[in-house]
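Undergrad: Let me give you the structure first, and then I'll get to my questions.
Every number here is computed from the coordinates shown, using simple stated rules; none is lab data. Everything quoted here is computed from the prediction, not taken from an experiment. So basically every Cβ, Gly included, is an ideal-geometry build from the backbone, and we count neighbours across all protein chains shown.
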2 protein chains.
Amino acid sequence: MDNLPHVLVVGGGFAGLWATRALRRAPVRITLLDRDNHHLFQPLLYQVATAGLSAPAIAAPLRQILRKQRNVTVLLGEASTIDAARKTVSLSDGREIGYDKLVLATGATHAYFGNEQWAAHAPGLKTLNDALSIRRQILTAFERAEAEDDPEGRAAWLSFAIVGAGPTGVELAGTLAEIARHTLRGEFRRADPKQARVMLLEAGPRVLSNFPESLSEKARRQLIRLGVEVRTGAAVSAIDDQGVTIEGERIAARTVLWAAGVAASPLARSLQVPLDRAGRVPVAADLGVPEHPDIYVAGDLAALKSNGRVVPGVAPAAKQMGNHLARNLLLGLKCQPGKAFRYRDFGNLATIGRKAAVVDLHGLRFSGILAWWFWLAAHIFFLIGFRNRLVVLIDWAHAYWSYQRSARIILGSKGQQDP
Amino acid sequence: MDNLPHVLVVGGGFAGLWATRALRRAPVRITLLDRDNHHLFQPLLYQVATAGLSAPAIAAPLRQILRKQRNVTVLLGEASTIDAARKTVSLSDGREIGYDKLVLATGATHAYFGNEQWAAHAPGLKTLNDALSIRRQILTAFERAEAEDDPEGRAAWLSFAIVGAGPTGVELAGTLAEIARHTLRGEFRRADPKQARVMLLEAGPRVLSNFPESLSEKARRQLIRLGVEVRTGAAVSAIDDQGVTIEGERIAARTVLWAAGVAASPLARSLQVPLDRAGRVPVAADLGVPEHPDIYVAGDLAALKSNGRVVPGVAPAAKQMGNHLARNLLLGLKCQPGKAFRYRDFGNLATIGRKAAVVDLHGLRFSGILAWWFWLAAHIFFLIGFRNRLVVLIDWAHAYWSYQRSARIILGSKGQQDP
């Protein structure tokens, strides 16, 4: 067993976990390294942030998922640098792990593109801790509004600005509007959650720019119907704890959420190869790094084109890359050339809020309640593990009929940044 | 409305919430003040700490519970001092709230009886944040054992000492043994969770000392069967981050949990009346404070006897006191004398672990699997809110058949004390 080639997979997201599982019958020893003990179903993270689901409902321990795969050792730890010459990865706690083949799948994080000081005032949403922190901030804002005597101060606590109208921004804005208009109805005595302003600020010309224009327009109308103020062509020039500035215009908002940009995980920098603008690793068609024959990259960390189009940073692409890379890695161990990756694009869905979504399945485009049910079914189907699926279904069924949300619990004290 | 007498209820636990609800048709204005936004079903808190349930499954927002009770304003904040002469309560953020009648129901917290330095190494279990912190500590200990090369160091990470064999200590020990023996089976490659030592350390002569001796003995035997080392007559003399000392004997254990003592909430001190040894307020038979005619105390904060016996700090007693106090408070507003509180003791249950519990219903005593089912039914029945009950039921049914636990998610980073 110890003589088998050692494959080190860094990152237990969709790409890393699918690569690991694809190697289940391969004659290799695998170490799966992740800084968290769980695989996260990221497409539903906004539901944890908006108190619709509990954190454990969308996460499962990596050890539990892989318990029967005997060729894997799961290790909790954070990779800090790669030494491609010595074929080792160093962890932040000083440990060092050697490898024969390295799979990098550390994904992306939110990025402020040179305005890192905004991070303290406009948190982004990438991990469960981010989600619990945003949940606390949102729920606390309504509490502060209730305790505030000054009407102007109260209005600022009831103002929410979401920066960036990609899928995450649209989901957050739509759900926040629903919470203010429906969930909290009748629960406050002084503040009126219905007076809450939910603003979706987008620098580009339209929301959901990765969708066809007609669906962007449908999404915009559905957002407005839910009560969201949609502002496109609105580039943010400043953010502090009192609000945001858009081209000279000041908007008071005590809660600002960041959904405007992602950058690849910084681990890629230690590969010492040229990275693309978002910090991603340009990979060859076989998902290998041209400069380092023993290193493969998959998921949001990889930059490549398939059929002339950029492969998007979405879960299906990450899974496909993970699977494909595993096959090429085995070919590489036999000194055979790998095969070119082809992204199979099954379509694009985005949810907007209660009974509102857009779906684009190559030509077949629809929106509204039908799209929402389609989105719901697809996401429950893909959630890992029987128990999660059932509990999520119950939570949603309950939320649908009652407008209630099952995880409206403020955790951690107000002074803390992290939950 | 503003002319109605103002009742300030401090604490939204069983006592405070039941008092508030009992006043739903009364001609009063009520303010319910709590430092958390939720009511907590404390009897199941150990399930959150041991990763069996998610935090939102046993908590519900106070606003949501009370949304239809129009004479209540819920306020998030922490009471710091009471000025009985001026009839005001000061909050830690500087706000001040006046009252006509004050209901104190701030409960108890864990206490180290002069060894406050133990708090950093042996956390107690009273709030959701405590539970998430303990959950992180337990799950991380197994991860650290897996990463440890030295066998002795690994054994220390796999050693768990629980100090105090009351209901909470017994629940934690039994569940930890189940996690080590069953839940984590096959998930680690280097550490063997089955080698874990779970020690229950009790200074007194027997476990569950509030039960009859025969049931204590049954509980002890069930604990041993689950794999717990039970040590009675074992008074702890030192605790640090490496383990505990019992009368000169050193036990290496990287995880020490504190279930040995509670003390009343410190808010009572500002009443400036003599308190009992645990810091509780001795109340009159009508649950009023003799020195302060407008102040009532209920729940774990109150010290009183009923039928010659001390009323225990359990949920049913807190609910009964809350209900009773509400009636006396209304009589007091009409300048009529209150009635004496009588505790109706329906019996005592404690769970030990999978298929193991003890039940004492006045003379009717039983233990084992039947007692466990009885305990389970009673606790699910009393959980507030339809949704919680159903989700908890599913989580438990799943845990029962699979030995799995649904909330094995490490949240927060290791360096942090609070989740």
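Undergrad: Treating the angle as unsigned and between 0 and 90°, give the value, to the nearest 10°, between the Cα long axis of helix A:386-402 and the longest Cα principal axis of chain A.
TA: 10
Undergrad: Place +1 on the Cβ of every Lys and Arg and -1 on the Cβ of every Asp and Glu in the range A:169-215, take the dipole about the Cα centre, and give the residue among A:199, A:183, A:172 whose Cα lies farthest towards its positive end.
TA: A:183
Undergrad: Which chain A residue comes nearest the axis with its C-beta when you rotate A onto B, and by how many angstrom?
TA: Its Cβ sits closest to the axis: A:54, 2.
Undergrad: Here is a further query. Could you work out the Rg to Rh ratio of the range B:1-114, with Rh taken as the Kirkwood radius (inverse of the mean 1/r over all Cα pairs)?
TA: Answer for the range B:1-114: 1.01.
Undergrad: Tally Lys/Arg at +1 and Asp/Glu at -1 over every other residue whose Cβ is under 13 Å from the Cβ of residue A:342; what's the total?
TA: Around residue A:342, the charge tally is +3.
Undergrad: Using a simple charge model, +1 on the beta-carbon of Lys and Arg, -1 on the beta-carbon of Asp and Glu, nothing else, what dipole does the range B:116-260 show about its Cα centre, in debye to the nearest 20?
TA: 520
Undergrad: I would also like to ask the following. Suppose every Lys and Arg Cβ carries +1 and every Asp and Glu Cβ carries -1, with no other charges. What dipole size does the protein assembly as shown come out with about its Cα centre, to the nearest 20 debye?
TA: Here the protein assembly as shown has a charge dipole of around 2900 debye.
Undergrad: Something else: Quickly estimate the mean residue ellipticity at 222 nm for the protein assembly as shown, helices only: each DSSP H run with n ≥ 4 gives -39500 (n - 2.57), and the total goes over all residues, rounded to 500.
TA: -9000 deg cm²/dmol
Undergrad: Same structure, new question: Once you list every other residue whose beta carbon is under 15 Å from the beta carbon of residue B:363, what net charge do they have if Lys and Arg are +1 and Asp and Glu are -1?
TA: -2
Undergrad: Students often forget the sequence filter, so: which aspartates and glutamates lie under 12 Å Cα-Cα from residue A:305 once same-chain residues fewer than 8 apart are removed?
TA: Cα-Cα hits under 12 Å: A:286.
Undergrad: Can you give the angle from 0 to 90° between the axis of helix B:213-226 and the longest principal axis of chain B, with both taken from C-alpha atoms, to the nearest 10?
TA: Taking the Cα atoms of chain B, the angle to B:213-226 is about 50 degrees.
Undergrad: On to the next question. List, largest first, the extents of the alpha carbons of chain A along their principal axes, each in whole Å.
TA: Principal axes ranked by extent give 70, 48, 44 Å for the Cα atoms.
Undergrad: Name the residue farthest towards the positive end of the dipole of the protein assembly as shown from the options A:363, A:210, B:92, assuming +1 on Cβ of Lys and Arg, -1 on Cβ of Asp and Glu, about the Cα centre.
TA: A:363
Undergrad: Exceeding 30 Å between C-alpha atoms, which entries from my cross-link table qualify? They are A:126/A:339; B:194/B:319; A:194/B:126; A:319/A:355; A:319/B:126.
TA: A:126/A:339; B:194/B:319; A:194/B:126; A:319/B:126
Undergrad: Please list, ordered by chain and number, the residues whose modelled amide H lies under 5 Å from the amide H of residue A:197; skip anything fewer than 5 residues away on the same chain.
TA: A:159, A:160
Undergrad: Report the residue, chosen from B:117, B:47, B:222, that carries the largest GNM mean-square fluctuation when chain B is represented by alpha-carbon nodes joined by springs under 10 Å.
TA: Of B:117, B:47, B:222, the most mobile in the Gaussian network model is B:117.
Undergrad: Test of understanding: ordering B:170, A:7 by Cβ neighbours within 10 Å, fewest first, what list do you get?
TA: Fewest to most other Cβ atoms nearby, the residues stand as A:7, B:170.
Undergrad: As I understand it, the value is the acute angle between the Cα axis of helix B:315-333 and the longest principal axis of the Cα atoms of chain B; what does it come to in degrees, rounded to 10?
TA: 10
Undergrad: Follow-up. Step by step: find N for the range A:47-196, compute 2.2 N^0.38 Å, then divide the Cα radius of gyration by it. What's the final number?
TA: This ratio for the range A:47-196 stands at 1.43.
Undergrad: Going Cα to Cα from residue B:218, which aspartates and glutamates come in below 17 Å? Please leave out same-chain ones fewer than 8 positions away.
TA: Excluding near neighbours in sequence, the set is B:171, B:202, B:229, B:360.
Undergrad: By a straight-distance test (C-alpha under 18 Å), which aspartates and glutamates pair with residue B:87 as possible cross-link partners, with residues fewer than eight away in the same chain excluded?
TA: B:2, B:78, B:96, B:100, B:291, B:294
Undergrad: How large is Rg/Rh for the protein assembly as shown, to two decimals, with Cα atoms and a Kirkwood Rh?
TA: When Rh is taken as the Kirkwood radius, the ratio is 0.99.
Undergrad: When B:351, A:31 are ordered from fewest to most other Cβ atoms inside 10 Å of their Cβ, what list results?
TA: A:31, B:351
Undergrad: Among A:372, A:401, what is the fewest-to-most ranking by other Cβ atoms within 10 Å?
TA: Least crowded to most crowded, the residues run A:401, A:372.
Undergrad: Tell me, how many Å apart are the Cα centres for the range A:59-136 and for the range B:168-210?
TA: After rounding, the separation between the Cα centres reads 31 Å.
Undergrad: Another question, if that's okay. Between the range A:144-165 and the range B:1-38, how far is it from one alpha carbon centroid to the other, in angstrom?
TA: 26
Undergrad: Mean shadow of the range B:116-260, computed from the convex hull of its alpha carbons, in nm²?
TA: Spelled out: convex hull of the Cα atoms, projected over all directions, averaged, 8.5 nm².
Undergrad: Can I ask one more? Quick one: Kirkwood hydrodynamic radius for the range B:151-219, alpha-carbon pairs, angstrom, one decimal?
TA: 13.2 Å is the Kirkwood radius here.
Undergrad: Now for a separate question. Considering Cα pairs under 8 angstrom that are at least six residues apart, work out the relative contact order of chain B and quote it in whole percent.
TA: Relative contact order of chain B: 20 percent.
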